[in-house]
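No lab work stands behind these numbers, since they all come straight from the coordinates. Predicted model, so just to flag it, every value in this text is computed and none were measured. Counting neighbours? That spans all protein chains shown, and the Cβs are built from the backbone with ideal geometry, glycine included.
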Amino acid sequence: MWNVEGPTFWVNNELQAYVDEAATISFANPAGAEDGALVLKPVSRPGFVTPTGRVTDFVSGRINTRDKFSVTYGRIAARIRMPDAAGVWPAFWMLGYGQWPDAGEIDIMEYVGVPSWTAVAMHGPGYSGDTPLVQRQDFPAGTDVTDWHEYAVERTEDTVIFFVDDREIYRVTRADVEQHGPWRFDRPEYLILNFAIGGNYPNAVNGITAPYFGMPQETADRIALGEVAMEVDWVRVWSPS
């Protein structure tokens, strides 16, 4: 059901190249997972050269269901645990078919290395990139991204609702979107799980430019030690009925 992204793909000034190998995409049995978990992991690979000639010091994993499984309306959720590491950028999201941003994008969960919060967002024509349709959520006292949490979205004909652990954190209606541009969420979108590092969004939050754009040396050192990973217990989709 899942495709694996390769090293020619590159966006958002991220640091990594995506590769299809066991070092970056694997399965394990971490504590708290129901029956094993997918592990997406950045790996130190100094001087790695992509087929397009880009040189990077890191590789990582990204998978998607493009042309294999798509969803228009229903509930889409994943149970995920992430590391406390500045400048990382793991995400769980959906993307429509066609040219971005006209195809539509729903970010069910984005994390940029501040363990007390995650964010959600919607992108489309007239509201892409630094989108006005974005919301951070703070975890309740006593928990953060390093614990297991369920990140979900519910899609109907006129509304997109985001949840963390069944707690509604953001609701966007067709009328909200159409203040900025056309509604693009009445068509199929496929699922994506990826572990990016550095890049535009982390840099916008932490302001780090050296030694890596959006990521400190401390996180690079932890990646080299194999201490940084995103664990996905499950991904589930329910129909509207």
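Among the residues of the stretch 13-32, is any free of Cβ contacts under 8 Å to residues at least 12 places away in the same chain and of a type in the set (Gly, Ala, Ser)?
yes
For a quick check of your reading of the model, give me the residue pairs whose first member lies in the stretch 217-241 and is over 26 Å from Glu150 (Cβ atoms), whose second is aromatic (Phe, Trp, Tyr) and not in a loop (DSSP other than H, G, I, E, B), with beta-carbon atoms closer than 7 Å and at least 6 apart or on different chains.
Final answer for the pair search is Ala220/Tyr212; Ile223/Phe58.
I need the full set of residues from the stretch 118-144 which are assigned to a strand (DSSP E or B) and in contact with a helix residue (DSSP H, G or I) (Cβ under 8 Å, 6 or more places away or on another chain), in order please.
Correct list: Met122 only.
Mind checking which residues of the stretch 117-147 are surrounded by 15 or more Cβ atoms within 10 Å (Cβ to Cβ), among the hydroxyl-bearing types (Ser, Thr, Tyr) and under 15 Å from Arg81 (Cα atoms)?
Of everything in the stretch 117-147, just one residue is surrounded by 15 or more Cβ atoms within 10 Å (Cβ to Cβ), among the hydroxyl-bearing types (Ser, Thr, Tyr) and under 15 Å from Arg81 (Cα atoms), namely Thr118.
Within the stretch 74-117, can you find the residues that are of a type in the set (Val, Ile, Thr) and either assigned to a strand (DSSP E or B) or within 17 Å of Asp165 (Cβ to Cβ) (or both)?
Ile76, Ile80, Val88, Ile106, Ile108
Considering only residues that are surrounded by 13 or more Cβ atoms within 10 Å (Cβ to Cβ) and within 13 Å of Trp10 (Cα to Cα), which ones fall in the stretch 27-67?
Thr50, Thr56, Phe58, Val59, Ser60, Gly61, Arg62
Only one of (1) within 19 Å of Glu150 (Cβ to Cβ); (2) in contact with a Phe, Trp or Tyr (Cβ under 6 Å, 6 or more places away or on another chain) fails for Ile76. Which number is that?
(2)
Can you list the strands (runs of 3 or more DSSP E) lying wholly within the stretch 152-226 that have 1 or more residues being surrounded by fewer than 17 Cβ atoms within 10 Å (Cβ to Cβ) and not small (Gly, Ala, Ser)?
Counting at least 1 such residues, we get 159-164, 167-173.
In the list Thr173, Thr209, which residue meets the criterion of being closer than 20 Å to Ser128 by Cβ and of a type in the set (Ser, Thr, Tyr)?
Thr173
Check Gly113, Gly124, Gly87, Gly142 and return the single one that is in contact (Cβ under 8 Å) with a residue 12 or more places away in the chain and more than 23 Å from Gln16 (Cβ to Cβ).
The unique qualifying residue is Gly124.
If you scan the stretch 89-116, which residues turn out to be surrounded by fewer than 23 Cβ atoms within 10 Å (Cβ to Cβ) and touching a helix residue (DSSP H, G or I) at 6+ places or on another chain (Cβ under 8 Å)?
Glu110, Val114
Can you name the residue in the stretch 41-69 that is among the basic types (Lys, Arg) and in a strand (DSSP E or B) and is also nearest to Leu191 (Cα to Cα) among such residues?
Checking each candidate, the answer is Arg62.
Inside the stretch 1-40, can you point out the residues that are among the aromatic types (Phe, Trp, Tyr), over 15 Å from Val232 (Cα atoms) and part of a loop (DSSP other than H, G, I, E, B)?
Phe9, Trp10, listed by residue number.
If Ala210 satisfies every condition in (1) touching a helix residue (DSSP H, G or I) at 6+ places or on another chain (Cβ under 6 Å); (2) farther than 16 Å from Lys41 by Cβ but one, which is the exception?
The failed condition is (1).
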